[in-house]
Amino acid sequence: MNFLYRLIPLTLIFLFSDLFPAEAIKYNHDSITISEVQKRVNFPVLYPKKIPKDWTLEIKTYPSGKKDFTYFRLHFMDKNDEYLIVGIEQQKEHTNTSDLLSPQIEKVDINGNTGYFKHWAPSILRGEYPLGGILFWNQNGTFIRMDSFNITKKMMLEIARSMATFE
C-alpha cells in the first residue's frame with residue numbers, strides 16, 4: 001500500500017509538470033555539475049532534455065574521491081529529495097552487451113540506437129508491483145543504463161529519447 005501512496009503523486013508530477021531544458025538544472029547536496037563531470041571522463045556525457053522542472057539532481061561519481069571517473073550516475077529525485085525517481089548511469093560505450101541480455105528483455109528504439117528494456121518482477125510476497133524497470137543502450141560512444149521503480153516504461157523511454165550530448 002505504501003507503494004501506491006508514492007506512485008500516484010510521482011505519476012501526477014511527471015504527467016502534469018512542465019518540462020525544462022538542461023540549462024535550468026536544480027542540483028542538490030552540493031553535487032558536482034554535469035560540466036565538471038564532462039571534464040573528468042573519457043566519453044561523451046549525455047543529459048535528458050525532458051524532465052519535470054521540480055526534480056532535483058545529484059551526481060554520484062565512481063570511483064569516488066578520484067580525479068577522473070570511470071562512470072557516474074545521475075540521480076533524479078523528487079522536489080522534496082525523498083524519493084529516487086530515476087537513475088541514469090553512464091560509462092564508456094560497451095561493444096558487447098550480450099552478457100546483459102535475457103529472454104525477458106524487449107528491444108526498443110532510442111534515437112536510432114537499439115536499446116533493451118526489462119520490467120521489474122513483482123514481489124508478490126511483499127505486495128509490491130513496481131513500475132518501470134531497466135533500460136540500456138549505447139549512444140554517441142556512451143553506454144547508458146537507466147533504472148526506475150517509480151515511473152513507467154513509457155516515461156522512461158520519453159526521457160531516454162530526449163538524451164543528448166551535454167553542451
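The values are calculated or read from the model by the stated rules, or taken from the named source; none is laboratory data. Quick caveat: nothing in here was measured; it's all calculated off a predicted structure. Using ideal geometry, Cβ is built from the backbone for each residue, glycine included, and neighbour counts are taken over all protein chains shown. Protein only, heavy atoms only, side chains kept; ligands, DNA and RNA dropped before computing areas. Shrake-Rupley method; radii C 1.70, N 1.55, O 1.52, S 1.80 Å.
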(message) With the requirement that a residue be assigned to a strand (DSSP E or B) and among the charged types (D, E, K, R), what does region 79-95 give you?
(response) E89, K92
(request) Residue by residue through region 135-167, note down the ones that are part of a helix (DSSP H, G or I) and open to solvent by 10 Å² or more (accessible area, probe 1.4 Å). (result) K153, K154, M155, L157, E158, R161
(request) Residue by residue through region 16-58, note down the ones that are at pLDDT below 90, hydrophobic (A, V, I, L, M, F, W, C), surrounded by 15 or more Cβ atoms within 10 Å (Cβ to Cβ) and farther than 19 Å from A160 by Cβ. (result) I32
